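See structure below.
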Amino acid sequence: MRSSNPVFSRRGFSRDNGGYAGFEAQHAQAGTATNPYATNPYATDPTTGMPAAPVRGNAMTIDDVVSRTAMTLGTLIVTATLAWITLPVDPANVNKSYGFAVGAALVAFVLAMIQNFKRKPSPALILGYAAFEGVFLGVISMVTSTYISPGVVVQAVLGTMCVFAAVLFAYKMRWIRVTRRFTGFVMAAALGFVLLMLANTLFAVFGGGDGLGFRSGGLGIVFGLLGVVLGACFLAMDFKQVEDGVTYGAPREESWLAAFGLTLTLVWIYLELLRLFQILSGDD
C-alpha cells in the first residue's frame, strides 16, 4: 500500500511491499540464512526474549514524527498569524490581500512539487512550504473572518482538531483499516472530487457566479462534507504510513516526509471546513 499523499507516493515503507526498500536491502545483504530475524529489526528471539537483531540508531520513531510535525505546523501557524496581523483590514485592499494569498499559494505549491520529486526529504523545502502555505492560510482566514463570515475561522480550527483526534482514536482502536481496497476507493473518490472542483472553478472564472454550484448552497454543503470525509481518509492513510515506517525501521529523515504529509492533509481539512462553515452561516 502506498499513500495517496504525494509525499509518500514514491516511498515504499509498508507492510504490503515487504518493508522499507532500502532498509530491507541492507538486512538482506547480511543474509537471512544465518539470522532468520534479519529482515525484521524488531523481532525477538523466542528462546531469550531479547532482540534478535540490533535496532539501528537512526531509525524513525514516533517521537521523530511528532517533533518534525510540530516544527512544520509551528512554522505554518507563525506565518499565518503574521500574515493575519500585518495585512491592512481595509475593504479597498481585499483584492490586494487575495493577490498575496495567490502568490504565497503558488510558491508553496512549487516547493511541494520540488520536494515530491526529490529522492530524499529536504527540511528546508518542507519548512519553506509550511511558511508560504501559512501566509496563504493567514490571508484567506483574515479575509473570510473580517469581510465574509466572522467566527468561522475558530470553528474551522476546532473542527480540524476534532477530525484529527477522532481519526487518530478510530485508527488506534482499529475501527479504520487501511487496505489496498480502501486506498483505491479513496484515491478514485479524491480524483473525482478534484476534477469536479477544477471544473467548477473554470466555469466560475469564465462564466461568472459560482460556476456549477458545487461550492455554494445545498451542493456546497454536500461537497464540503465529502471533502472533510476524504481528508479524514487521508489522515488514516498517513497514520498507516507512519506506523509502517516505524515498524519497518525507515530512516529517521523520513519523519520529515511524515510531517509534510500530515501538514498537507490538515491544510486540506481546514480549508474544506472553512468553506463548509461559511456556507452554513449563510454567507456563501
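Coordinate-derived values only; no laboratory data. Since this is a predicted model, take the numbers as computed values, not measurements.
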Which of the lysines could be linked to residue 120 by a straight reach, that is with a Cα gap under 25 Å, when you skip same-chain ones fewer than 8 residues away?
-> 240
May I ask you to compute the full-extension gain from residue 195 to residue 96, defined as 0.36 nm times their residue separation minus their alpha-carbon distance, rounded to one decimal in nm?
-> 32.8 nm
Where Rh denotes the Kirkwood radius from the mean inverse Cα pair distance, what is Rg over Rh for region 143-238?
-> 1.04
Residue-wise, which Karplus ³J(HN,Hα) couplings in Hz belong to region 235-240, taking 6.51 cos²θ - 1.76 cosθ + 1.60, θ = phi - 60°, and x for glycine or proline?
-> 4, 4, 5, 5, 4, 4
Rounded to whole Hz, the Karplus (6.51, -1.76, 1.60) HN-Hα couplings of region 173-189, x for glycine and proline | 7, 6, 6, 10, 10, 8, 10, 4, 5, 4, 4, x, 5, 5, 4, 5, 5
From phi via Karplus (6.51, -1.76, 1.60), per-residue ³J(HN,Hα) for region 193-202 in Hz, x at Gly/Pro = 4, 5, 5, 5, 5, 5, 4, 4, 5, 5
